[in-house]
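In what follows, a structure is listed as structure tokens, so that the remarks can point back to it.
The values are calculated or read from the model by the stated rules, or taken from the named source; none is laboratory data. Quick caveat, the model's predicted, so the values are computed rather than measured. A quick note on method: Cβ atoms are made from the backbone with ideal geometry, for glycine too, and the neighbour counts reach across all protein chains shown. Keep in mind that these areas ignore ligands, DNA and RNA; they rest on the heavy atoms of the full protein, side chains included. Shrake-Rupley method; radii C 1.70, N 1.55, O 1.52, S 1.80 Å.
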Amino acid sequence: MRKKEPVYITGHRHPDTDSIASSIAYAFFKRSMGVYAVPCRLGALNDETRYLLSRFGFQEPVLLQDARMKLSEITLDSPVCITPDTTIYDTLRIMQKDNHAYCGVVDERRHLLGMVTKSDLAVVGLADTAMSIDILAHTPAENIRKTINGTVVYDDDEAYINGKVSIIAMTELERLENFDVKDRIVIVGANTEAQVKLIRQGAGMMIVVWSDQIDEKVLSAAREYHCPIIRSGYGSMNTSRYLYFAPSVERIMKTKLISFHSNELAEDVGNKMLKSRYRVYPVVDQEDRLVGYISRYHIMDARKRKLILVDHNEFSQSVNAVDRGKVLEVIDHHRINDFTTSQPVSFRNEIVGSTATIIATIFRENQMLLPANLAGLLLGAVLSDTMNFHSPTTTERDVSTANILAAIADLDIEEFAEELFTITSNQKNVSYSDMINQDRKIYEIHSCRLSISQVIVPSAKEMRADAREITGALDHFARKKQIDLAVLVLTSILENGSVVYAGGNRASWALEAFPNREEEEYTFQDNLLSRKQQILPALSSVIGEYMGG
């Protein structure tokens, strides 16, 4: 039975609690509907989100770095392989059995050492026998025995063969002296006297065909002249044919390979394939162990990664190369900006304060019960995104949904909110540089690159003493990331307002959007809580005045 294709449910970059909780909850909903859904994150989690996941017993979602598929995520050909001491004959049988025209050569730990193809084997069978002399010279008697289905009658550690082969069809004793058999592999029939004479003439190895037993005189001569004897299971024709397939594949395998790692993107691998003309390529893991084979067919047949976007719809906020994936759904409560797809999608965008509110509503619409711990996680997301219902984006649906979630999770909203914001607003040991990156979103407005970071703190007013250090960190961030206007908003839920700091070559525009009171710097902005409905619109308006044309 073919494994179901996963559907990856992901929030935006620099994930907040609403983004992560919505991903986890909607993945649970989808799995309940028979969809193999995987919740994802696009970056590191903030302290608030980690606290809620720990409190309600959820693991961090997997990190999704790219919408394009890796080789480890597409179906490869099975990793059929052999060891260096496998005979050419056995290799050919393995290829025929598995219907492969190639085989990887590995060590005992499956580390890739080389590769052999049917073309390599064909050269052995079809080319002039002169090329096989060297490899036969280093072939042990046991390899030859297996290949010709024979029996080793006598072996000798002091034996030496030069790799050349002679077939002695005529056994008249007086004519045997005309043959140069010195150190050669000699194929001979069941004539005792001829066998003895050829051994005494210096045969390196004797292969006897059409014989049930070897005379003691022959064995005595073999011991005296150090000549191994093998009784073949085939006639002279097949014995001579198969003999050249007795060497180990290490004698013919290619060691200069083009291989790929399982963590490489299929798209990148496809581009690399265009620069070579091989039909198949080995794929190895991070420890260079063979995991399969890939060809152009696999790249062309690879499916796109299936995605469901929650808490965002702008591709600039989404996973890298999101346009190369297949977006199935969007569930969001933000503005609709640069969203386009090549095929229809399910798009649900509602005017509420939290995506978690929409997700909880979907459970009720489908009459599906929410587990208590999942209800608690979603409640934390609603309180976080609406700032305990103080944000202007808060709607009656957010409040009523929060009450339902609190009842399911058996939580008191006021007590839980106080617990949540007291624990997670502690930024005592967090640098301003880290604060800027905690919950950051970047916008392109009239060719102005705007970054808005918003951090919840116990007291925004008290932190004004560090204004110079904060703006210095913003200036550094703006230069490093090529941002025109970098804004850090420190928001206090308990004080019901924020203080706005700015850096970059357009920093003065933030002061126009959020002016100070007379004779005061970094004024505390009462009721300024929402990035989406208050901070972004005010900054966009000022940017438009200067750059809107």
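Work out the FRET efficiency for His138 and Ala190 from their Cβ-Cβ distance, taking R0 = 25 Å, and round it to the nearest 0.05. Could the numbers behind the result be given before it?
Working: r = 29 Å, r/R0 = 1.16.
Result of the calculation: an efficiency of 0.30.
Could you rank Thr17, Thr422 by how accessible they are, 1.4 Å probe, largest area first?
Numbers: Thr17 0, Thr422 85 Å².
Most to least solvent-accessible, the answer reads Thr422, Thr17.
Using R₀ = 45 Å, calculate the FRET efficiency as 1/(1 + (r/R₀)^6) where r is the Cβ-Cβ separation of Asp466 and Ser259; round to 0.05.
Working: r = 53 Å, r/R0 = 1.18.
Taking R0 as 45 Å, the efficiency between Asp466 and Ser259 is 0.25.
Can you give me the convex hull volume of the Cα atoms of the range 279-363, divided per residue and expressed in Å³?
Taking only Cα atoms, the range 279-363 has a hull volume of 156 Å³ per residue.
Any idea how far apart Glu172 and Arg241 come out in nm if each label point goes 7 Å out from Cα toward Cβ?
For Glu172 paired with Arg241, the spin-label model returns 3.0 nm.
What does the extension gain come out to for Thr83 and Trp210, with contour length at 0.36 nm per residue minus their alpha carbon separation?
Contour length minus Cα-Cα distance gives 42.5 nm.
Keeping every protein chain present and rolling a 1.4 Å probe, give me the accessible area per residue for the range 413-499 in Å². Present the calculation step by step, with values, prior to reporting the outcome.
Details: 4100 Å² over 87 residues.
Spelled out: the 1.4 Å probe surface of the range 413-499, per residue, equals 47 Å².
With +1 on the Cβ of every Lys and Arg and -1 on the Cβ of every Asp and Glu, and nothing else charged, how large is the dipole of the chain about its Cα centre, in debye rounded to the nearest 20?
Values: 61 positive and 73 negative charges, 407 e Å.
Roughly 1960 debye, rounded to the nearest 20.
Counting DSSP beta bridges in the range 63-206, what percent are antiparallel, to the nearest 5? Working shown, then result.
Working: 6 of 14 bridges.
In the range 63-206, approximately 45 percent of DSSP beta bridges are antiparallel ones.
Determine the calculated [θ] at 222 nm for the chain from helices alone, applying -39500 (n - 2.57) to every DSSP H run no shorter than 4 residues and normalising by the residue count; nearest 500 deg cm²/dmol.
Details: 20 runs with 196 residues, N = 549.
So the calculated ellipticity at 222 nm is -10500 deg cm²/dmol.
What distance in nm separates the simple spin-label points at Ile336 and Leu494, each placed 7 Å from Cα in the Cβ direction?
Spacing of the two 7 Å Cα→Cβ label points: 4.2 nm.
Using each residue's phi in the range 505-521, evaluate 6.51 cos²θ - 1.76 cosθ + 1.60 at θ = phi - 60° and report the 3J(HN,Hα) Karplus result to the nearest Hz, with x for Gly and Pro.
Karplus values, whole Hz, x for Gly and Pro: 6, 10, 4, 5, 5, 5, 5, 6, 6, 10, x, 7, 6, 4, 6, 9, 10.
With the Cα gyration tensor of the range 345-419 giving a ≥ b ≥ c as the square roots of its eigenvalues, does the rule (a/c under 1.5 for rounded; else a/b larger than b/c for prolate; else oblate) give rounded, prolate or oblate? Each step should come with its number before you reach the end.
Values: a/c = 2.16, a/b = 1.14, b/c = 1.89.
Verdict is oblate for the range 345-419.
Find the eigenvalues of the gyration tensor of the Cα atoms of the range 436-506, then list the square roots of 5 times those eigenvalues as equivalent ellipsoid semi-axes, largest first, in whole angstrom. Numbers along the way, then the final one.
On the way: eigenvalues 96, 35, 16 Å².
Semi-axes, largest first: 22, 13, 9 Å.
So if we plug the beta-carbon distance of Glu350 and Tyr278 into 1/(1 + (r/R0)^6) with R0 = 45 Å, what FRET efficiency do we get, rounded to 0.05?
Working: r = 52 Å, r/R0 = 1.16.
FRET efficiency, Glu350 to Tyr278: 0.30.
Excluding residues fewer than 8 places away in the same chain, name every one of the lysines whose C-alpha is closer than 23 Å to that of Lys275.
Lys70, Lys118, Lys254, Lys256
Quick one: if you stick a label point 7 Å off each Cα along the C-beta vector at Glu521 and Asn505, how many nm between them?
2.4 nm
Enumerate the amide H contacts of Val38 below 5 Å, restricted to partners 5 or more residues apart or on another chain; note that Pro and chain-start residues carry no placed amide H.
Val7, Tyr8, Ile9
Work out, step by step, the length gained on full extension between Glu396 and Ala44: first 0.36 nm times the residue separation, then minus their alpha carbon distance; give nm to one decimal. Walk me through the numbers before you get to the answer.
Working: separation 352, 0.36 × 352 = 126.72 nm, distance 3.15 nm.
That pair, Glu396 and Ala44, stretches by 123.6 nm at full extension.
Rounded to a whole number, what % of the accessible area of the range 465-546 do carbon and sulfur atoms account for, probe 1.4 Å?
Working: 1730 of 4050 Å².
C and S atoms contribute 43 percent here.
Could you work out the pair-distance distribution P(r) of the chain from its alpha-carbon pairs, with 10 angstrom bin width and percents rounded to whole numbers?
The percentages, shortest bin first, are 3, 15, 18, 14, 11, 9, 8, 8, 7, 5, 2, 0, 0.
Got a sec? Charge dipole of the chain, +1 on Cβ for Lys and Arg, -1 for Asp and Glu; which of Thr357, Ser541, Thr151 is way out at the positive end?
Thr151
How much length, in nm to one decimal, is gained on full extension between Lys326 and Glu414, taken as 0.36 nm per residue of separation minus their Cα-Cα distance?
Details: separation 88, 0.36 × 88 = 31.68 nm, distance 4.11 nm.
Between Lys326 and Glu414, full extension yields 27.6 nm more.
Give me the log10 of I(q) over I(0) for the range 213-254 at q = 0.14, 0.26, 0.29, 0.30 Å⁻¹, as the Debye formula computes it from C-alpha points; what are the numbers?
Listed by q, the Debye log ratios stand at -0.52, -0.90, -0.95, -0.96.
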